[in-house]
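Taking it in order: structure first as structure tokens, then the write-up.
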Amino acid sequence: MRKPFVAGNWKMHGSKAMIGSLISALRAGAEQIKGVDVAVCPPSLYIQFAGDMLLESQIKVGAQNVASVAGQGALTGEVSVDMVQDLGCQYVIVGHSERRSIFDETDEVVAAKVGVVLEAGLTPILCVGETLEQREAGVTQDVVAGQIGVVLQKLGVSAFNNIVIAYEPVWAIGTGKVATPEQAQSVHAFIRSLIANEDSKIASNLIIQYGGSVKPENAAILFSQPDIDGGLIGGASLDAGDFLAICKAAGEACSE
Ligand code: 13P
């Protein structure tokens, strides 16, 4: 039985004042978090601040990105996995579609980042998903298989013991256009089958989140699909009430 996992991707949002009130509200409503693992991923600059406010709570902290090399070095403007680990992060989002499209991250760079995150003992949340043109061209499975295939090839199936996959159709991110439960379930099942081809036990334990316009109104139906194990939440994670409702829906759907 997989325990669902809901993570908030705050993207480039927040200030000390905003994060202060968001986390106070999350902590005040924490009784809604049952039977689900929960994390929030603030901008790197605010990881320490958010982490301090979340001390001794059940909400963990993650980063949104790290450099593709670990340690220290002459890489102006970059943040390494060792640094976010030092600040208490347990998760790192890797290969978000915004990083792939806006910052030109290739599958190879994404796989390298997954590798450094795993080596540091943190859990990568590996994002995959197709664009609207790719879906319309009928190549969704090829795209997702390619994105995961590079990681499989580089790191082997055993790496997926410690990887969370987030399926985020690009056309559903920030658009309000959520994938139907059937569309999402079908890709989630396909992703699990890709891993099962290599190792069925690792596949059956693999957490696969759905991301893309998840809201309190659609969370329960998405999370009740057999291969959807929680969500990676953008916009709705900036509202404590919405995020807590989504966490609650995950805990309830997956305990049925
Ligand atoms: P939205 O929930 O705002 O669509 O964003 C999803 C996402 O990109 C999470 O990583």
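The values are calculated or read from the model by the stated rules, or taken from the named source; none is laboratory data. This structure is a prediction, so every number in the text was calculated from the model and none was measured. All Cβ positions, glycine included, derive from the backbone under ideal geometry; neighbour counts span all protein chains shown.
Assorted remarks:
- Subset of segment 93-107 (residues that are among the β-branched types (Val, Ile, Thr) and either assigned to a loop (DSSP other than H, G, I, E, B) or within 11 Å of the ligand (Cβ to nearest atom) (or both)): ILE93, THR106
- All positions within segment 5-17 that are in contact (Cβ under 8 Å) with a residue 40 or more places away in the chain and farther than 14 Å from ALA236 by Cα: PHE5
Residues checked against (1) at pLDDT 95 or above; (2) in a helix (DSSP H, G or I); (3) among the basic types (Lys, Arg); (4) within 30 Å of ASP82 (Cβ to Cβ):
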position: CYS127; (1), (2), (3), (4): yes, no, no, yes
position: GLN141; (1), (2), (3), (4): yes, yes, no, no
position: GLY149; (1), (2), (3), (4): yes, yes, no, yes
position: ALA159; (1), (2), (3), (4): yes, yes, no, yes
position: THR175; (1), (2), (3), (4): no, no, no, no
position: SER186; (1), (2), (3), (4): yes, yes, no, no
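- Qualifying residue in segment 168-178 (condition: in contact with a Leu (Cβ under 7 Å, 6 or more places away or on another chain), of a type in the set (Asp, Glu) and either more than 15 Å from the ligand (Cβ to nearest atom) or closer than 20 Å to TYR91 by Cα (or both)): yes
- In segment 220-239, of all residues being among the aliphatic types (A, V, I, L, M) and surrounded by 18 or more Cβ atoms within 10 Å (Cβ to Cβ), the one that is farthest from the ligand (Cβ to nearest atom) corresponds to ILE228.
- For segment 87-109, the set of residues classified as within 14 Å of the chain's Cα centre (by Cα), buried (at least 18 other Cβ atoms within 10 Å of the Cβ) and at negative phi consists of CYS89, TYR91, VAL92, ILE93, VAL94, HIS96, SER97, GLU98, ARG99, listed by residue number.
- Pick from segment 118-149, criterion over 21 Å from GLY211 (Cα atoms) and not small (Gly, Ala, Ser), ranking: nearest to the chain's Cα centre (by Cα): LEU118
- Residues of segment 192-219 that are in contact (Cβ under 8 Å) with a residue 60 or more places away in the chain and within 16 Å of the ligand (Cβ to nearest atom): ILE207, GLN209, GLY211, GLY212.
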